Amino acid sequence: VKGIEKGEYKLGINLSYENYLSIRINYSEDSFTQDFIEQLLAHFKKLILTVLNSPSQKVGELSFLTPEESKQLALWNETYHEYP
C-alpha cells in the first residue's frame, strides 16, 4: 500500500516494509535538533535489533537506551539524602 499524507505535525514517523524495513522521519526543525532525531533513530535501531535477536523477550523488559545512557540515567537518579 502506498499513500501520501500531507500533515502539519511537529514529528512524523513512518515505518514500512518492502523487502527491508524502512524508517522515515519528518520533523519540524523549529522543534527538534538533528542530533535529537539521530538519537531517536539510534533508539529505534537498538529496539528493533533487540526484538530480532530475542523475539521471546517480554515487551516490559526491552530497553532502547545505550549503556552510556543507562549509566547517565543512574547518575541522575542518585538523589538519596539523609534527613534529620
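The values are calculated or read from the model by the stated rules, or taken from the named source; none is laboratory data. This structure is a prediction, so every number in the text was calculated from the model and none was measured. For neighbour counting, all protein chains shown are included, and Cβ atoms are generated from backbone atoms with ideal geometry for every residue, glycine included. Protein only, heavy atoms only, side chains kept; ligands, DNA and RNA dropped before computing areas. Shrake-Rupley method; radii C 1.70, N 1.55, O 1.52, S 1.80 Å.
Descriptive notes on the structure:
- Summary value for the chain: 16 percent relative contact order, contacts being C-alpha pairs under 8 angstrom separated by 6+ residues.
- Taking every protein chain into account, the 1.4 Å probe leaves Leu15 with about 90 Å² of accessible area, to the nearest ten.
- Cleavage-rule hits, chymotrypsin sites (Phe, Trp or Tyr not before Pro), the chain, DSSP coil, Cβ neighbours within 10 Å at most 11: Tyr9, Tyr20, Tyr80
- Among the trypsin sites (Lys or Arg not before Pro) found in the stretch 1-54, those both in a DSSP coil and sparsely packed, with 13 or fewer other Cβ atoms within 10 Å of their Cβ, are Lys2, Lys6, Lys10.
- Average accessible area per residue (Å²) across the chain - probe 1.4 Å, nucleic acids and ligands excluded: 95 Å²
- When GluC sites (Glu not before Pro) are flagged only if DSSP places them in a loop and at most 12 other Cβ atoms lie within 10 Å, the longest unflagged stretch of the chain comes out as 30-77.
- Rounded percent of accessible protein surface that carbon and sulfur make up, the stretch 1-75, 1.4 Å probe: 54 percent
- Exposure of Ser56 as accessible area (Å², to 10), given a probe of 1.4 Å and all protein chains: 110 Å²
- Under 13 Å from Lys10, Cα to Cα: aspartates and glutamates that are on another chain or at least 8 residues apart: Glu29, Asp30
- Between the Cα long axis of helix 34-53 and the first principal axis of the chain there is an angle of about 90°, rounded to the nearest 10.
- Net charge dipole, the stretch 11-84: roughly 380 debye, given to the nearest 20, about the Cα centre with Cβ charges of +1 for Lys and Arg and -1 for Asp and Glu.
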